[in-house]
Amino acid sequence: PNPGLDTRTLPYGDAALSEAAAAIARGECVAVPTETVYGLAADATDSRAVAGIYAAKGRPSFNPLIVHVPDIEAAQRIAEFDAEALKLAEAFWPGPLTLVLPVRADAEIAGLVTAGLSTVAIRVPAHRAMQGLLRACGKPLAAPSANASGSISPTRAAHVARSLGGRIRLILDDGPTEAGLESTIIAPGPPPRLLRPGPIAAEDIAALLQTPLAAAGDAIEAPGQLASHYAPGKPLRLNARATQPDEWLIGFGAVRGDDNLSATGDLIEAAARLFDALHRADMAERPRIAVAPIPHHGIGAAISDRLKRAAVPPD
Ligand code: TXA
Ligand code: MG
């Protein structure tokens with residue numbers, strides 16, 4: 001786009017929603033919170049608008065985007081649902097679950113959204129700001145996380161401003177996001193596959209479907225699964241119980257650290273704080289980051305997934 005744009009942050013409310021809807025109608029992209037992370041939303045039926053998302057993020061064009069819709073009926077106009085997909089949608093929508101489903105032949109979705117794949121990633125978000133925007137503009141919205149490609153995801157409006165300031169015009173601010181990690185991505189089966197761990201634990205999905213989930217194949221099926229992702233601008237060391245003098249330690253539970261994801265060892269609280277803690281560590285004076293061990297059960301699997309990728313330096 002046009003680095004040097006004047007980026008405005010507006011508090012959530014009717015005036016902000018109608019301004020955001022008008023911007024979407026003009027083909028612009030707008031940063032808006034969801035229950036997971038802030039998204040960079042544009043009209044998914046308008047290829048020019050979608051191209052604007054890729055440009056603002058500096059995202060490689062092979063990486064397809066998630067489509068957000070207000071309800072299951074709207075999702076069914078875009079994707080083919082079988083019984084299993086419907087069961088998942090009814091159990092977890094609105095909420096932080098994305099389904100990768102065959103795209104309908106008559107779906108009005110820009111080809112750039114799916115990057116030419118025959119499937120589409122789709123979800124019904126639970127946040128009042130994203131729901132309000134979807135209803136105000138009456139269009140499905142493509143929205144990846146509102147950060148420059150490969151860098152730390154935003155859970156606050158200030159994170160978006162830090163990453164995309166000058167590259168977008170409007171940020172809708174509705175405070176910190178609740179879940180703090182991107183949605184769980186599932187490709188229903190058989191066998192159902194976990195493409196990205198997230199706030200809805202794989203165990204809970206497997207229990208609902210009464211079948212174990214297969215891991216994603218070796219092919220990069222969800223390109224968000226690139227080895228280096230969510231990366232801060234500094235080296236990051238995992239499973240640290242003590243620090244070197246030049247490290248900023250992100251603690252968990254009894255490993256106190258300079259910052260602590262959850263003093264009581266609560267994984268849900270830790271997930272909600274993770275990206276904020278990485279942003280703070282990135283801005284701290286010390287040149288290296290260390291992170292305390294995190295248990296792998298429940299949402300801990302998703303936290304560990306993000307940390308593992310954040311620890312791989314970008315090319
Ligand atoms: O929580 C979220 O999902 C956030 C908020 C804004 O909704 N969005 C988000 O979008 O994380 P994004 O674009 O950063 O992640 C999209 C992921 C990527 O890993 C992408 O490769 C995968 O979804 N994806 C999209 N379409 C796909 C498809 N047809 N098949 C497989 N993976 C797909
Ligand atoms: Mg992202």
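Laboratory data are not the source of any read-out in this text; all were calculated from the coordinates shown. Keep in mind that what you see is a predicted model, and the values were worked out from it rather than measured. Virtual Cβ from ideal backbone geometry, glycine too; neighbours counted across all protein chains shown.
Pairs of alpha carbons in the stretch 17-75 separated by more than 13 Å make up 65% of all such pairs. At an R0 of 41 angstrom, the distance between the Cβ atoms of Leu5 and Gln210 translates into a FRET efficiency of 0.25. Rg then Dmax, both in Å and based on the Cα atoms of the chain: 18.7, 59.
For the stretch 87-131 versus the stretch 197-214, the inter-centroid distance based on Cα atoms is 18 Å.
Pairs of lysine residues in the chain that meet both criteria, 8 or more places apart or on different chains and Cα atoms under 24 Å apart, total 4.
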